[in-house]
């Protein structure tokens with residue numbers, strides 16, 4: 001959606017254990033860090049640059065809010081992990 005609305009986005013990060021170097025050299029494998037794998041599906045990096053105008057920022061916020069609203073409507077509620085949250089019991 002964001003690309004269709006002409007706003008650059010990219011994957012924020014790929015968990016280290018999924019990089020081929022770590023899979024070969026350290027026997028890392030998919031499923032080793034399930035929280036990192038889940039979180040990386042939802043995190044993106046947004047384009048930023050020094051010349052951004054207030055209108056650019058407002059447009060980006062509008063696009064992100066539209067995207068998030070669409071996801072909340074289409075995605076069933078599931079267990080989410082948050083940094084610092086107590087996930088035991």
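Structure values in brief
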| item | result |
| --- | --- |
| Neighbour-count ranking [beta-carbon atoms within 10 angstrom, fewest first] of 55, 37 | 55, 37 |
| Relative packing of peptides 41-51, 57-67, 24-34 - highest average C-beta neighbours within 10 Å first | 57-67, 24-34, 41-51 |
| Förster radius 35 Å - calculated FRET efficiency between residue 18 and residue 65 (Cβ-Cβ, nearest 0.05) | 0.75 |
| Inter-site label distance for residue 35 and residue 57 at 7 Å from Cα along Cβ, in nm | 3.2 |
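Laboratory data are not the source of any read-out in this text; all were calculated from the coordinates shown. Source: prediction; values computed, not measured. For neighbour counting, all protein chains shown are included, and Cβ atoms are generated from backbone atoms with ideal geometry for every residue, glycine included.
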